[in-house]
Amino acid sequence: MLVALSTPGAILMASSAGFGALANDAGMSLFNAIFMMGVFFALPAQVVMMDQLARGGSIIGGALAVALTGVRLVPMMVTIMPLLVRPPAALSRRLAAAHFVAITAWLEGLRILPHLAKHRRMTCFLGIGTGMVGATLVGTSLGFELAESVPQAFSAGLLFLTPIYFFLSLMAAARLTMDWLAIVVGAFLGPVFYVLTPGLDLLFTGLIGGTAAYVAGRRFDGILEEEE
Amino acid sequence: MTEGLLASPEGTLVILIVAVLAHEPFRWLGLYLGHGIDAQSEIFAWVRAVATALVAGLVTRLVLFPVGALAEVPLLIRLTAFGAGIGIYLGTNRHLGAGVFGSATILLAMQFLMQ
């Protein structure tokens, strides 16, 4: 449980406070904000969905964009599950562990679990996950309430936590050339599509920008290999 | 059509349905696939590029076209604080917390200085 008090826990709490402030700003009820934090437990999907609906976009469009952010959870699951399921765990525990997989718990899991005895890993990860969910629920409520009661300059600061946290997390997770290209291309295309095709802008930014980054990144790696 | 939805009980239902149908299944899929497939494969590299571009686009949308309290902050301050956050992150040997909190602090400080 102490993991919730560590640096990643503090960041998670602050970023969920940012989400709470955004939710308040978007006209969401406190209950829905907390409920959303719990059932999604993945901030990018939440912010995409909320921002989409707050700007009057369609539910289907929001759900598609949510799915595009959700696909990245598959490789995360594939890399962390081998650490957790030997010895085999009950399905209910596996499903619970799966729900905690999002960028922060995943990074912490990969960092901590290999140092533990195999039979202790699942229990420990469920503890980490529970602590993190708890921290985000408290953070969401705090951010939601603070956004209303603090001066405008402070709530602007709270709202700013989400974009900078997302962007630096992308930088932290980037490894391949194409990851860096995707960050730069996506950052430029986002506002362009927002003006050109509001409502579908995130879908287009992801699909077109991501595919372009993938193709260009693979070409670039190919060129490097030929030169060597 | 979606006016006021986010504050309503219907909104709660929409959140639950989207989470269960469009989000959680990817966690179940990863669970099912287990270690049977290579997490470094091409399809995942593309998936990661798409998700990365989408989130990067979301970030610039939030910074350039904010709604609410952040919209009251001049664009120049938003961009400076954002750039400073990246600078602090890189300058502190990639410390995520330093970058995030540093950036928000600079946004706050600049608002008071510019008043």
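Near the amide H of A:Val101, under 5 Å away, which other amide H atoms are found, from residues 5 or more places off or on another chain, if H is placed in the peptide plane?
Under 5 Å from the amide H of A:Val101 lies no amide H from a residue far enough along the sequence or on another chain.
Where in region A:121-228 are there trypsin sites (Lys or Arg not before Pro) that are in a DSSP coil and have at most 14 other Cβ atoms within 10 angstrom of their Cβ?
Those that pass, being in a loop and sparsely packed, are A:Arg175.
Can you give the extra length, in nm with one decimal, that the chain gains between A:Ala10 and A:Ser92 once fully stretched, where that is 0.36 nm per residue apart less the Cα-Cα distance?
Value of the extension gain: 26.7 nm.
Ignoring any ligand, DNA or RNA, what whole percent of the accessible area of region B:41-115 comes from carbon and sulfur when the probe is 1.4 angstrom?
72 percent
Based on the Cβ-Cβ distance from A:Cys124 to A:Ala174, what FRET efficiency comes out when R0 is 22 Å, to the nearest 0.05?
So the FRET efficiency works out to roughly 0.20.
Kirkwood hydrodynamic radius, computed over distinct alpha-carbon pairs, for the protein assembly as shown: how many Å, to one decimal?
Final number for the Kirkwood radius of the protein assembly as shown is 20.2 Å.
May I ask you to list, by number, the DSSP H helices of chain B whose Cα span along the axis is at least 15 Å and whose average Kyte-Doolittle hydropathy reaches -1.0 or more?
B:42-64, B:75-91, B:96-114
What Kirkwood hydrodynamic radius, in Å, does chain B give when the mean of 1/r is taken over all pairs of distinct Cα atoms and then inverted?
Taking every pair of different Cα atoms in chain B, averaging 1/r and inverting gives 17.9 Å.
Treating only the Cβ of Lys, Arg, Asp and Glu as charged (+1, +1, -1, -1), what charge dipole size does the protein assembly as shown show about its Cα centre? Round to the nearest 20 debye.
900 debye
Of B:Leu58, A:Pro163, B:His95, which is farthest towards the positive pole of the protein assembly as shown's charge dipole, taken about the Cα centre with +1 and -1 on the beta-carbons of Lys, Arg and Asp, Glu respectively?
Going by the Cα projections, it comes out as B:His95.
Over all directions, average the projected area of the Cα convex hull of region B:73-115 and note it in nm².
2.5 nm²
Determine the calculated [θ] at 222 nm for the protein assembly as shown from helices alone, applying -39500 (n - 2.57) to every DSSP H run no shorter than 4 residues and normalising by the residue count; nearest 500 deg cm²/dmol.
The helix-only estimate for the protein assembly as shown comes to -25000 deg cm²/dmol at 222 nm.
The values are calculated or read from the model by the stated rules, or taken from the named source; none is laboratory data. Bear in mind the structure is a predicted one, so any value in this text is a computation, not a measurement. As a convention, Cβ positions derive from the backbone with ideal geometry for all residues, glycine included, and neighbour counts pool all protein chains shown. To get the accessible areas, we keep the full protein, side chains included, count just its heavy atoms, and leave off ligands, DNA and RNA. Shrake-Rupley method; radii C 1.70, N 1.55, O 1.52, S 1.80 Å.
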